[in-house]
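The values are calculated or read from the model by the stated rules, or taken from the named source; none is laboratory data. Fair warning: this is a prediction, and the values are worked out from it, not measured in the lab. In this analysis, Cβ positions are derived from the backbone assuming ideal geometry, glycine residues included, and neighbour counts consider all displayed protein chains. Only protein heavy atoms, including side chains, enter the accessible area calculation; ligands, DNA and RNA are left aside. Shrake-Rupley method; radii C 1.70, N 1.55, O 1.52, S 1.80 Å.
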Amino acid sequence: MTDESTVLFLAHTGQVSGAEKVLLNLIDEAERRGHRTVVACPAGPLAQSLPSGTQHLRIDELGLGGEHGAARGIAAVRLLGRWIGAARAVRSVARAPGTATVVNSLFALPVARLCRPTRGASWLVHDTMNSLKQRVVVRFSRPAVRVAVSVSEATAVPLRAAGLPVVVSHNGVPWPVPRFGGELHTPPVVGMLALLTPWKGHRVLLDAVATLPDIRVELAGGSFPGDRDYVSELHDRAAGSDLAGRVEFLGHTDAESALRRWDVVISASTSPEAGPLSVLEAMSHGLPVIGTDHGGTHEFLSDGAGILVEPGDSAALAEAISTVIGDADRRRRLGDSARYRVASRHDIGETLPELLHRLIG
């Protein structure tokens with residue numbers, strides 16, 4: 001056990017995706033090590049998933065949506081007000097002696113700047129900084145950041161360029177786990193485990209599969225309230241004549257249940273992922289993964305652990321899917337390499353204690 005008695009975690013959303021799964025694992029690890037845990041996050045699935053011994057401080061949603069023009073300016077002013085409100089809600093905990101403050105998301109980072117934690121804040125970086133909006137938030141928040149803990153080397157590069165102190169600590173998943181896959185389902189099924197939000201690339205996958213008759217698609221994941229139009233667009237695309245009857249939206253479901261249903265797993269993100277947990281989960285079960293060639297996905301799938309395609313290229317994705325579906329030996333080799341990669345680098349029994357130490361040590 002370290003010197004800190006309390007760990008305060010700040011999250012910008014009440015939803016649960018990969019970043020929040022990592023947060024929940026960190027809370028469990030901190031409690032195992034005898035720390036008191038406090039989580040500041042909006043109401044929602046994340047708060048409902050907290051351990052009974054964790055204190056929840058309710059704050060407002062802190063994300064900035066896709067508004068344009070004057071609407072974006074109004075949204076930014078409202079967001080500033082929410083940051084100030086969240087800082088007031090957590091200030092007494094953050095400034096208490098013995099508290100380590102961990103920021104779990106970019107859009108919660110300004111809260112740390114405004115509440116001024118006694119020891120500064122550690123930022124667990126789940127997003128690759130590649131937009132002006134992200135850079136502005138980081139520039140404002142930088143004085144409060146004691147260390148940025150990146151989950152991949154690719155994500156660390158722009159942080160170092162921004163002058164932040166950075167260490168890399170990779171994500172992990174449970175190991176060992178049973179192997180899935182083998183004989184193809186009839187018809188074959190490709191799946192994606194990701195929130196239904198535009199940059200995850202669901203539309204690219206649907207356009208790819210539209211050119212591949214007799215292959216089904218399953219999309220597992222919920223959505224943010226602000227992405228209703230995008231979700232409607234996906235349903236409309238799935239109802240098109242070239243896809244009708246071949247696409248199923250599974251909604252919220254646990255990863256293992258979804259992965260058992262699939263022959264190939266897709267990560268089609270059009271912006272770089274920092275360290276996609278869904279990719280590691282699929283790799284651990286020996287399923288072949290096709291991902292876009294940037295960010296942490298490149299690091300996970302390089303050297304034969306998966307197949308990499310250019311972001312946004314539906315034709316290249318279709319070709320990769322067709323190749324993997326049609327070659328049982330290739331699927332087996334990819335699965336073998338993927339499981340070895342997880343066992344040697346991403347066993348959560350080893351990565352999680354290291355990650356917590358980097359954040360609060």
Next item on the list: Give the residues of segment 194-209 that are open to solvent by less than 30 Å² (accessible area, probe 1.4 Å) and under 19 Å from L277 (Cβ atoms), sorted by residue number.
Entry: A194, L195, L196, T197, G201, H202, L205
Next item on the list: Keeping to segment 344-355, report how many residues are assigned to a helix (DSSP H, G or I) and open to solvent by less than 60 Å² (accessible area, probe 1.4 Å).
Entry: 6
Item checked: Those residues of segment 17-48 which are part of a loop (DSSP other than H, G, I, E, B) and touching a Gly at 6+ places or on another chain (Cβ under 8 Å), in sequence order -> S17, P42, A43, G44
Next item on the list: Write out, first by first residue and then by second, each pair whose Cβ atoms fall under 7 Å of each other, whose residues are 6+ apart or on separate chains, and whose first residue, in segment 143-157, is within 23 Å of L114 (Cβ to Cβ) and open to solvent by 10 Å² or more (accessible area, probe 1.4 Å) while the second is of a type in the set (A, V, I, L, M) and in a strand (DSSP E or B).
Entry: A144/A121; V145/A121; R146/A121; V147/V167
Notebook entry, point to check: Tell me, which residue of segment 158-182 that is open to solvent by less than 30 Å² (accessible area, probe 1.4 Å) and small (G, A, S) is farthest from H298 (Cα to Cα)?
Noted result: A162
Margin query: Tell me the residue from R358, R333, R341 that is among the basic types (K, R), open to solvent by less than 50 Å² (accessible area, probe 1.4 Å) and modelled with pLDDT of 95 or more, please.
Written below: R341
Notebook entry, point to check: How many residues does segment 299-317 contain that are touching a Leu at 6+ places or on another chain (Cβ under 6 Å) and part of a helix (DSSP H, G or I)?
Noted result: 1
Check: Just checking, which of V147, V90 is under 19 Å from A19 (Cβ atoms) and assigned to a strand (DSSP E or B)?
Finding: V147
Checklist line | Residue among T253, T270 that is open to solvent by 40 Å² or more (accessible area, probe 1.4 Å), of a type outside the set (D, E), part of a loop (DSSP other than H, G, I, E, B) and closer than 19 Å to E153 by Cα | finding: T270
